[in-house]
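First up is the structure itself, then whatever we jot down about it.
Each reported figure results from applying straightforward, stated rules to the coordinates on display, with no laboratory input. Given the structure is predicted, the values throughout are model-derived calculations rather than measurements. Using ideal geometry, Cβ is built from the backbone for each residue, glycine included, and neighbour counts are taken over all protein chains shown.
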Amino acid sequence: MDNLRYDYDPIVTRRKIEWPNNARVALWVCPNIEYFHIDKPILESPNPTVPEISAYSLRDYGSRVGVFRMMEVFDKHGVRASVLLNSDVCERYPFLIEEGKKRNWEWLGHGITNNLRLTSYPKDQELEVIRKVKDTITKSIGTAPKGWLGPALAESFDSPDLLASEGFEYVCDWVCDDQPTPMRVRQGRMLVVPYDQGLNDIRVFMRGNHTPAEYYQMLCDQFDTLYREGEKSGRVMGIPLHPFVIGLPFRIKYLDKALEYMLSHEGVWRATGWEIAEWYYHHYYQDPGKFPAES
């Protein structure tokens with residue numbers, strides 16, 4: 001079947017995008033702060049068992065230790081994180097929420113727990129789950145989340161419509177572009193903000209078995225290309241991170257070095273996901289029409 005959420009739109013024929021202060025690259029850093037239940041399988045595990053002590057305790061390490069190394073690096077470089085947040089974190093790890101609030105981080109919905117994809121629930125419960133995530137984060141943070149990333153980037157065919165109906169205005173599950181992409185929904189409005197899967201630290205380290213030095217080079221090479229292309233029209237570079245992956249002692253310095261390299265360039269906008277979406281909505285958004293697209 002055809003994808004009716006957005007049209008084919010080759011990047012070489014689009015209107016030029018200019019970011020604030022003529023930046024070439026909008027750089028946003030996307031830590032996934034998640035909660036895992038010890039009595040449920042881990043999504044990424046090839047052979048899930050219960051309890052899966054090694055996988056579960058590694059993720060516990062991220063919340064107990066690794067995330068604070070990430071905070072130190074972000075603070076050093078003046079980066080406001082855009083957190084992909086399991087709503088269970090609000091209830092189980094309120095200390096992390098308070099630390100993020102001190103830093104004025106942005107908070108996106110990321111399901112209830114990363115033990116369950118959005119598609120793991122019965123179809124008639126999906127809206128209830130989205131609403132619960134929104135309400136829990138709103139109560140904990142004080143403002144409603146604008147963005148969404150599904151656990152394991154999973155969506156149903158109805159997810160964009162249900163998210164828009166609850167006031168979400170951008171999603172990150174669709175890794176289809178290097179610029180924001182307007183998406184058709186039944187009501188409200190929706191953008192895709194680029195969230196790069198090639199640089200996702202889980203893919204790089206736990207699936208690709210790359211070294212930290214190789215990861216550093218990948219980040220720099222990706223940035224170099226987007227920075228060069230961004231001279232003609234602004235690009236977005238997202239860096240997906242997980243405390244239990246990049247937060248390990250032998251990896252964290254390579255994130256530090258990569259941010260230092262990228263931010264040494266003129267024309268890099270330290271942005272959050274919503275700042276990117278809001279700028280695009282204000283300056284470039286054209287309503288693609290309602291879903292489904294009219295033939």
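Observations
- All positions within region 133-142 that are touching a residue at least 12 places away in the same chain (Cβ under 8 Å) and either under 19 Å from the mean Cα position of the chain (by Cα) or over 25 Å from Phe95 (Cβ atoms) (or both): Val133, Lys134, Thr136, Ile137, Ile141
- Test: Asn114 is in contact with a Pro (Cβ under 8 Å, 6 or more places away or on another chain) and either polar (S, T, N, Q) or surrounded by 21 or more Cβ atoms within 10 Å (Cβ to Cβ) (or both): yes
So that you can scan it fast, the table gives a plain yes or no per residue for (1) of a type in the set (Lys, Arg); (2) closer than 22 Å to Val12 by Cβ:
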| position | (1), (2) |
| --- | --- |
| Cys176 | no, yes |
| Met190 | no, no |
| Pro194 | no, yes |
| Gly198 | no, yes |
| Ile202 | no, no |
| Met206 | no, no |
| Asp221 | no, yes |
| Arg228 | yes, yes |
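- Among residues of region 185-214 that are among the small types (Gly, Ala, Ser), those with a Cβ under 7 angstrom from a residue that is surrounded by 15 or more Cβ atoms within 10 Å (Cβ to Cβ), sequence gap 6+ or separate chain, pair up as Gly188/Ala164; Gly188/Ser165; Ala213/Tyr254.
- Residues (closer than 30 Å to Ser57 by Cα, in contact (Cβ under 8 Å) with a residue 40 or more places away in the chain and not in a strand (DSSP E or B)) located in region 1-46: Glu34, Tyr35, Phe36, His37, Lys40, Pro41, Ile42, Leu43, Glu44
- Selection of region 208-254 for residues being of a type in the set (Ser, Thr, Tyr) and within 21 Å of Arg69 (Cα to Cα) yields Thr211, Tyr215, Tyr216, Tyr254.
- Residues within region 258-295 that are in contact with a Pro (Cβ under 8 Å, 6 or more places away or on another chain) and part of a helix (DSSP H, G or I), tallied: 4
- Scanning region 61-94 for residues that are hydroxyl-bearing (Ser, Thr, Tyr) and under 15 Å from Trp107 (Cα atoms), we see that the one that is surrounded by the most Cβ atoms within 10 Å (Cβ to Cβ) is Ser82.
- Lone qualifier among Lys123, Lys101 - being surrounded by fewer than 16 Cβ atoms within 10 Å (Cβ to Cβ) and under 17 Å from Thr272 (Cβ atoms): Lys101
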